[in-house]
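This report refers to the structure that appears directly beneath it.
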Amino acid sequence: MSEAIEAEQSFVDKFPDEARIVRSSFLGSFLALILGAIFGIIQTLHRTDVARIIPSTDYYTVLTAHGVFLVISFTVFFLVGLFTWAIVRSLDRPLVNTKITWTWYLIMSGGMTMTGISILAGFVDSIDMSADVLYTFYAPLQAHPLFYTGLAVFIVGSWIAGADWFRTFLAWRREHPDERIPLQTFMVLTTMAMWYIASSAVAASVLLFLLPWSLGFIDQVNPTLTRTLFWFFGHPVVYFWLMPAYMLWYTVLPKIAGGRLFSDPLARVVFVLFLLLSTPVGIHHQYLDPGIAEGFKFISMTNTMFLLLPSLLTAFTVVASVEYGARQRGGSGLLGWLTDLPWRKPEFTGMMLAGLMFAAGGFSGMVNAGMNINYMIHNTIWVPGHFHLTVGTAVALTFMAATYWIWPQISNKPIYSRTIGLVQVVVWFIGMALMSNAMHAQGIMGVPRRTAEPEYSGFDYATMFGGFEELNIQIAIGGTLLFVSTILFIGNLLLTMGNPKVSGLAESLPPALSGPTDSPEVLDNLRLWVGIALTLVVLAYALPIAAIINRGGLLGPGVGTYPVWLTPLFDALANSATIAIGAVGDASAALVEVVK
Ligand code: HEM
Ligand SMILES: [Cu+2]
């Protein structure tokens, strides 16, 4: 028996090169996490006026660093590591060529370093560089060209990563022509297909408008257009963060709970729905933008409501799988099975608490998504309250919790302290419950987001629970707990890395109760789904974008539809065309004369 356990190879034993890439991606991600958390605590204590260590004029630099490091570097570096692990694990074959893998890793790291430097330079007065444009980097705020260049490089790196996984999948397909796509691979491929569609718009915005504009090649841009292209990407990017978390909930959480995934086909349906519905909804971030007709906003709202469906399906499937696990362990009763779950495991409790917060985030998201009630909370601190539940917890806490389960398998090192891990995930939950709830409440009072000086003190508000000052205290305490939780996580991981290597840390994932063969083959037809997804995008965006360009010009009002510096060129072309046409006319007239 013990021999059998020892004989089972862990991920790093089987795929040492790939394991190194996964570890490097995770470490890049956690570096961003700690930086983001430092800026997070600075801005929390600043805007609540508890402790001010920066001048308010630096607030946007801090906020940009917090947003970019957390929602771009932390999330994306984690997911590229996770996807590499998932592809290799579920196909049970190495990547085709790890040189390519290291290439995209270095390209992404290089891009993010450029972007990071351009942001942090904003703190140093003697350097003439800044990028205080926030993580929603559309016009009219303008950053140093290095910021946009770094982002473009980073995105190209992520495209190569996707190609690397698709290529490995195709190699597997040649070896296994008749098998269904393994579930985790299916999830990676659908997520990446969605990412290619979504990120194309932001790449276009950066390369065609923002970068040339910050380099001085063009005088101005059409802000509505850059905003629309940003949100074309900005909504689906939330699914780029969420789908890896969903992958963990579907494939890893049931195993940790001692059970099995309830339904593989349902999981596939959910990922296809995300591929189809994530992108044609971005205009729901622009309900208050002038220059976009109300009708387009209404269509976007309707599409958004459809997007609830896959999340509700997920809630059902994941809870059913966990309940199955509890009942396998002897759980019974209507809710009594809940006590038979492995609550002492940080990876389990972390993911469950993350899922619970996601449900709360779903409710506040419904308020954001409703065109009329959105007006009440738009640009208030309610909005950060909402997304700290979704990306800030459902995603971030799931990633941290999953690390307790995956890290031993990719390093052969057991977690330094699982008790600290448990404390860490619970502290995150409590901290976020305090901070996010108080942010929502302040938002309803109209307290703005993105400001160093929300000077609402001294006013009298009739509120149900506590006033502005009291809510500020809750935000400050919550933010501090979150910071402490991050330190516990990073500290625990660093100590884990110092642990000696052991064997016997291999883990496997059990097959689903209802397996892939129960699902219709058409679900695996990725070409079909990408085709439909593209069609939906064209239907949702062709008219609004045409209207925006028609009204405001490709490069802003009064500029016409091409860059200013091209004007002399176009004039010269037009002149020579006139002359040429004239000459051709004369020549043909002469020819006609001759023929006569
Ligand atoms: C250490 C834990 C954290 C603390 C204390 C914290 C605190 C805050 C606060 C107070 C704000 C609002 C600032 C304002 O609008 O004036 C904020 C904004 C934000 N946070 Fe966090 N946060 C934390 C973790 C996270 C995580 C894990 C994520 C995502 C993965 C995240 C993503 C964001 C984003 C995207 C913004 C909006 C930035 C902007 O408006 O441009 N935060 N955070
Ligand atoms: Cu959205």
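The values are calculated or read from the model by the stated rules, or taken from the named source; none is laboratory data. The shown structure was predicted, so the numbers you read here are calculated from the model rather than taken from an experiment. Methodologically, a virtual Cβ is constructed for each residue, glycine included, from the backbone with ideal geometry; neighbour enumeration extends over all protein chains shown. The protein model used for the area step is the full one, side chains on, heavy atoms only, and it has no ligands, DNA or RNA in it. Shrake-Rupley method; radii C 1.70, N 1.55, O 1.52, S 1.80 Å.
Condition first: more than 16 Å from ligand 2 (Cβ to nearest atom), free of Cβ contacts under 8 Å to residues at least 24 places away in the same chain and surrounded by fewer than 23 Cβ atoms within 10 Å (Cβ to Cβ). Can you find one or more residues in region 414-427 that meet it?
Yes - at least one qualifying residue is present in region 414-427.
Is at least one residue of region 232-243 more than 16 Å from ligand 1 (Cβ to nearest atom), assigned to a helix (DSSP H, G or I) and not hydrophobic (A, V, I, L, M, F, W, C)?
no
Restricting to region 37-57, what's the tally of residues that are more than 6 Å from ligand 1 (Cβ to nearest atom) and either under 26 Å from the mean Cα position of the chain (by Cα) or among the aliphatic types (A, V, I, L, M) (or both)?
Summing the residues that are more than 6 Å from ligand 1 (Cβ to nearest atom) and either under 26 Å from the mean Cα position of the chain (by Cα) or among the aliphatic types (A, V, I, L, M) (or both) in region 37-57 gives 8.
Test each condition in (1) within 16 Å of ligand 2 (Cβ to nearest atom); (2) of a type in the set (Phe, Trp, Tyr); (3) over 20 Å from Val237 (Cβ atoms) for Phe262 and report the one that comes out false.
Going through the list (1) within 16 Å of ligand 2 (Cβ to nearest atom); (2) of a type in the set (Phe, Trp, Tyr); (3) over 20 Å from Val237 (Cβ atoms), Phe262 breaks only (1).
Within region 363-386, how many residues are more than 14 Å from ligand 2 (Cβ to nearest atom) and open to solvent by 30 Å² or more (accessible area, probe 1.4 Å)?
The qualifying residues number 6.
Just to check your reading of the model, which residue among Leu63, Leu33, Leu82 is within 28 Å of Glu453 (Cβ to Cβ), out of contact with any Phe, Trp or Tyr (no Cβ under 7 Å at 6 or more places or on another chain) and either in contact (Cβ under 8 Å) with a residue 40 or more places away in the chain or small (Gly, Ala, Ser) (or both)?
Leu63
Test of understanding: among Phe166, Phe186, Phe137, Phe154, which residue is under 25 Å from Val537 (Cα atoms) and open to solvent by 50 Å² or more (accessible area, probe 1.4 Å)?
Phe166
So for region 310-319 (the condition being of a type in the set (Phe, Trp, Tyr), more than 16 Å from ligand 1 (Cβ to nearest atom) and either at positive phi or modelled with pLDDT of 90 or more (or both)), does at least one residue qualify?
no
Condition test on Leu134, is it part of a loop (DSSP other than H, G, I, E, B) and within 29 Å of Trp249 (Cα to Cα)?
It is false that Leu134 is part of a loop (DSSP other than H, G, I, E, B) and within 29 Å of Trp249 (Cα to Cα).
Among the residues of region 300-339, write down those that are of a type outside the set (D, E, K, R), open to solvent by 60 Å² or more (accessible area, probe 1.4 Å), part of a helix (DSSP H, G or I) and farther than 30 Å from Gly282 by Cα.
Tyr324, Gln328, Leu338, Thr339
Evaluate the following for Ser514: is it closer than 30 Å to Arg89 by Cα, touching a strand residue (DSSP E or B) at 6+ places or on another chain (Cβ under 8 Å) and either at pLDDT below 95 or surrounded by fewer than 16 Cβ atoms within 10 Å (Cβ to Cβ) (or both)?
Answer is yes for this residue.
Hey, does region 566-576 have a residue that's part of a helix (DSSP H, G or I), within 30 Å of Asn222 (Cα to Cα) and at pLDDT 85 or above?
no
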